[in-house]
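Structure first, commentary second.
The values are calculated or read from the model by the stated rules, or taken from the named source; none is laboratory data. Given the structure is predicted, the values throughout are model-derived calculations rather than measurements. Cβ placement follows ideal geometry from the backbone for every residue including glycine, while neighbour counts extend to all protein chains displayed. All accessible areas refer to the heavy atoms of the entire protein, side chains included, with ligands and DNA or RNA removed. Shrake-Rupley method; radii C 1.70, N 1.55, O 1.52, S 1.80 Å.
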Amino acid sequence: MKIGVSIDGVLRDLLGQLVETHKKYFPTEEEEDEVVINDYDLEKWLTFPEEEVKQAQLDFNPEFNEETFLDSKEETKLVKVKSKVTLDEFLYEKCTLEIFGYAEESCVSVVEALNQLILANPQHEFIIISREGGLAIPSTFFFLSKTKSICSNIKFVTEYTKVWDHVDVMITDHPKILNTKPLNKLSIVIDKEYNNKIVQSGHRIKTIKEIDDRLLDNFQEAIVGGNQHPSDYWI
């Protein structure tokens, strides 16, 4: 059985790290509310202030000569322009390592709990899988390294729906993954307020520390038997 494990929300406290990083670089004013993030719709929760920066402005000169320009004593004019950081710049350019790499575990020793599941169940293939790209990928490897993950099978996909191409069972908290579950797949849902209205045939838990051999055996039987309600196997 191929068991996928989401990084964010299952192993990594991404939303908490986003709040802390945003507060560090964009502290709230006295009259402003503190930044909170209640789900993965980040644009709804994170805003960035407009800032004034100075930059050089040069007119186009088709006869430009580098040597005469460098010898010139003419001062470069600086003009003030308004600039605002975008969410993508914040995530994938300016604070990528700090967000994806320095984040804490979603709960204490959760990566070690996954390590123990991997060691205790060699008959199953565990896959850490995440929708990420660019510099977030090496930053995530840093996170997995510092938390001492022993999972050797790690995949990055460009769309949430693509995680299902690689797994039979998905352990996740992400609504976009849960809402796109194919009929022939199963899910183990990490219970969060932002996903508690999603109806699933899987099993809800608080952390992967609640997963044991018996639960995995039940899911294995459900997959082999073509039953999308593994609870039918529970005693």
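Some values worked out for this structure:
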| item | result |
| --- | --- |
| Enumeration of residues in the stretch 126-151 that are touching an Asp or Glu at 6+ places or on another chain (Cβ under 9 Å) and open to solvent by 50 Å² or more (accessible area, probe 1.4 Å) | Arg131, Gly134, Leu135, Lys148 |
| One residue from Phe126, Phe60, Phe142 being touching a Cys at 6+ places or on another chain (Cβ under 9 Å) and either farther than 23 Å from Thr28 by Cβ or at pLDDT below 95 (or both) | Phe126 |
| Residue match in the stretch 155-163 (condition: in a helix (DSSP H, G or I) and out of contact with any strand residue (DSSP E or B) (no Cβ under 6 Å at 6 or more places or on another chain)) | yes |
| Members of the stretch 152-190 that are open to solvent by less than 10 Å² (accessible area, probe 1.4 Å) and closer than 15 Å to Phe219 by Cα | Val167, Val169, Met170, Ile171, Leu186, Ser187, Ile188, Val189 |
| Restricting the stretch 1-44 to residues that are open to solvent by less than 20 Å² (accessible area, probe 1.4 Å) and among the small types (Gly, Ala, Ser), the residue that is farthest from Asp165 (Cα to Cα) | Gly9 |
| Unmet requirement for Ala136, which otherwise passes all of (1) over 30 Å from Glu89 (Cβ atoms); (2) within 12 Å of the chain's Cα centre (by Cα); (3) hydrophobic (A, V, I, L, M, F, W, C) | (1) |
| Of all residues making up the stretch 123-154, the number that are farther than 18 Å from Glu104 by Cβ and outside any loop (DSSP other than H, G, I, E, B) | 8 |
| Positions within the stretch 164-222 being touching a residue at least 60 places away in the same chain (Cβ under 8 Å), of a type in the set (A, V, I, L, M) and assigned to a loop (DSSP other than H, G, I, E, B), in sequence order | Val167, Ile211 |
